[in-house]
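As structure tokens, the structure follows; a few thoughts come after it.
Each reported figure results from applying straightforward, stated rules to the coordinates on display, with no laboratory input. Just so we're clear, the structure is a prediction, and the values are computed from it rather than from any experiment. When we count neighbours, we look across all protein chains shown, and the Cβ atoms used for this are built from the backbone with ideal geometry, even at glycine.
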Amino acid sequence: MDDLLAEFIAETREMLGTIAGEIVAWEADPTDRKRLDAVFRFVHTVKGSCGFLDLTHLQRVSHEAENALSDLRDGKREPTPQLVGAILAIIDRIGDMADALERGEEIDESLDDPLIAALDSEASESEPIVPAQSGSELRNPARSIRVPLELLDRLMGGVSDLVLARNELSRQLRRAQSDDQVETAFDRMSVCVAEMRDAITWARMQRIESLFAALPRLVRDLSAELGKSVTLEIDGADVELDREMIEMLRDPLTHIVRNALDHGIEDPDRRRELGKPKDGALRIGARQSGNRIQITIADDGHGIDPQRLKERAVESGAITADGARAMGDSELLELIFQPGLSTADAVSAISGRGVGMDIVRSNVERIGGTIEVESEPGRGTTLSLLVPLTLTIIPALVFGVGAGRYAIPRASIEEIVSLKKDRARLETIGGTDIAIVRDRRLPVVRLATIFGGDAQQENPADEHHLVIVRSSRRERFAIMVSAVFDHEELVVKPAAPCIMGTGVYAGTALPDNGMPLLLLDIAGLASVAGLRLSMASQPGEAKADSEVGRTRPDALTFEDLDGRRRVVRMGLIERIIDADVATIGERAGILRLVKDGETIPVVASGPLPESGVVRLLRLSDGKVAIAYAIASGTADVAPLPDDFEPAARPGRVAGVTVQAGEAVELLDAHYLFAEFAGVAKPEAGKPRCLVVGGDDLWRHELLAPLIELAGYDVTFDETADAAVVIDASDADAISTENRGAVVRLTADPSPGQGKLYRYDRTAIVDALHKARGRKARG
């Protein structure tokens with residue numbers, strides 16, 4: 001019985017997450033029978049389960065709500081706002097009772113009678129709506145599905161350890177020079193491990209709908225409380241996100257929505273004066289961009305006045321008057337994230353105390369995300385949150401400080417600069433280290449000092465680097481590191497409480513080499529170092545950037561296998577792979593990498609090492625993936641230079657520039673992908689080709705593979721729809737009356753009669769494409 005009760009509580013909470021939104025949508029359109037039926041089924045299900053579990057209190061209130069909903073379905077009652085509010089209160093009561101059952105607390109029956117009385121037809125017209133116990137707060141759903149999330153975490157940890165064991169086994173096999181059968185078995189095991197890791201990762205994923213589901217109720221309640229009329233539009237609810245990420249985004253999203261409704265969207269009278277529709281609009285959307293999720297919250301309110309924000313910031317002491325005069329509008333908007341700063345004229349119960357947006361940004365950055373704001377006075381405000389898909393696996397840069405190894409989320413890194421190559425210089429101003437990078441001054445954090453070491457004891461002959469990071473759009477600083485090792489996708493786990501309590505670390509990770517390391521918290525690191533990040537950049541620099549009106553894309557500069565320095569746009573790089581040379585070989589006429597159950601074309605500008613590991617850039621244009629082999633060593637991330645001289649002829653190199661006294665060549669991505677587009681996997685939704693006539697062996701074993709390599713799905717079913725038809729017989733096997741796109745083949749090698757020789761590969765493929773084009777135009 002205890003197991004059944006736990007299952008009932010979990011299922012009730014899951015249904016509660018979506019049912020409040022269905023009610024609000026139904027209230028807006030009382031004729032929507034589908035949503036009314038959904039609400040009725042929920043209450044009916046709860047009542048039935050209560051009867052089986054002998055939960056008399058819960059059964060009573062759900063039974064009364066079911067009766068009211070039944071009358072609405074039968075047309076005996078009208079869905080008035082009072083009645084809908086009473087039903088909402090009953091549903092909130094069901095949630096409160098479920099919480100009490102889980103905690104083993106007594107249920108207060110005295111709260112039930114007013115709720116049931118509010119459902120009475122006469123009372124609902126005259127008495128105020130019974131306030132919901134949960135009000136407009138977002139209810140947290142159960143942190144379990146069919147298995148606890150903690151078990152999934154343990155499974156993920158176990159698979160991560162299995163990956164490390166697999167890598168160690170791979171090293172041992174290379175030393176032992178095992179035979180082909182052992183290698184084949186090991187490759188099969190590697191594929192299984194990779195599939196298991198992906199499966200457990202996706203088991204943690206949940207549709208973001210569970211985060212958005214309570215927003216209609218939240219907007220409805222707050223609008224009523226503020227005397228405003230607001231319509232809510234939600235898009236992208238089917239996007240999937242790590243369950244833990246969803247939980248950590250609830251509070252930031254709630255606060256942003258509250259702000260938008262309270263002092264973003266105007267009241268109806270003011271909107272009429274401004275010529276706007278009386279109903280304000282709040283739009284919330286989510287979409288996946290690579291391995292990150294972008295959530296946007298946009299309103300059509302009065303927006304944020306940068307000049308007013310500047311005045312408040314100067315009054316509060318957040319910035320100086322001289323500093324404010326040099327700031328552009330985009331920089332002024334960033335001031336909303338300053339603690340204690342608000343543009344609200346009066347403090348309300350909802351918002352306006354200047355407490356919150358700084359916490360929102362801290363919470364978003366704590367999970368490896370960023371938040372940006374755009375606003376147009378009189379037109380509205382848009383906040384954009386960019387967060388990783390999962391907290392479990394984070395792309396990161398691994399670097400060294402002394403004998404220790406650490407990592408930083410890759411999303412926070414703006415640039416890597418080598419001090420040894422004179423690409424930056426250090427100064428000390430007022431006891432503070434300052435880095436000057438291309439005439440930009442940035443505060444420097446020496447990790448050796450923060451971690452308890454003595455920076456003065458470091459060997460100046462060591463190669464040092466500056467990793468320039470950002471914790472928001474403008475807040476940049478440089479971290480001094482001894483060595484830069486690699487970019488990896490790390491499985492991150494929480495560290496011990498005493499470590500996490502320092503505020504510097506975001507967790508621990510165990511990379512593929514088996515050496516444990518700590519992941520740094522960028523915002524926490526800046527706080528411990530005592531940096532005033534908003535004042536880090538020189539005033540003139542930001543103004544110049546705003547006058548230019550554009551930003552240069554980031555690029556990765558590396559040493560190629562032929563010894564030349566080359567650069568490629570960061571947007572094309574999916575990840576950096578360290579692969580065993582044994583997994584690369586000539587297959588089907590070109591070099592290919594076999595990894596994780598797939599083959600990828602490999603580009604190499606020089607000879608690959610005979611043994612060991614080779615570093616590869618996995619490049620993608622969204623459909624085609626190729627692996628570009630590079631030399632091991634330091635790779636710098638920096639803005640793409642502007643002044644490339646074009647190459648003399650088309651090829652893999654698009655142009656050349658001079659950077660820090662060295663010639664740097666830009667890869668021509670368009671040429672690279674065009675070069676390998678023919679060997680890439682064809683995209684989904686291929687056109688269909690119907691094959692009729694001819695002997696079975698020839699058309700199945702010889703002709704069909706040729707057509708599939710040309711990018712078609714082959715069918716032999718004459719009733720199927722097809723983009724083009726091949727008549728593979730010497731005699732005409734089909735009529736052309738209803739078949740406009742037909743290619744006819746013959747076994748006779750001499751041309752004639754409008755037929756193609758069955759072994760003329762090029763002519764058959766060309767005829768297929770031409771016939772398909774005629775069919776599309778016809």
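Here are the numbers for this structure:
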{"quantity": "Using a Förster distance of 60 Å, the FRET efficiency for Trp698-Glu105 (Cβ separation, nearest 0.05)", "calculated": "0.20"}
{"quantity": "Cβ charges +1 (Lys, Arg) and -1 (Asp, Glu), total dipole of the range 11-73, debye", "calculated": "100"}
{"quantity": "Long-range HN-HN contacts of Leu591 with modeled amide H, under 5 Å", "calculated": "Val602"}
{"quantity": "Amide proton proximity set for Ile208, modelled H, under 5 Å, gap of 5+", "calculated": "Val239, Glu240, Leu241"}
{"quantity": "Stretch gain in nm, segment Asp54-Ala733, where the contour uses 0.36 nm per residue and the Cα spacing is subtracted", "calculated": "237.2 nm"}
{"quantity": "Computed lengthening from Asp238 to Glu150, 0.36 nm per intervening residue step minus Cα-Cα distance", "calculated": "29.2 nm"}
{"quantity": "Distance from the range 275-324 to the range 92-108 (C-alpha centre basis), Å", "calculated": "39"}
{"quantity": "Whole-angstrom Cα spans of the range 17-108 along principal axes, big to small", "calculated": "40, 20, 20"}
{"quantity": "Where labels lie 7 Å past Cα in the beta-carbon direction, separation of Asp322 and Glu225 in nm", "calculated": "4.5"}
{"quantity": "Amide H contacts of Val437 (H built 1.01 Å from N, under 5 Å, at least 5 apart or other chain)", "calculated": "Leu442"}
{"quantity": "Extension gain (nm, one decimal) between Glu427 and Arg287, 0.36 nm per residue minus Cα-Cα", "calculated": "46.1 nm"}
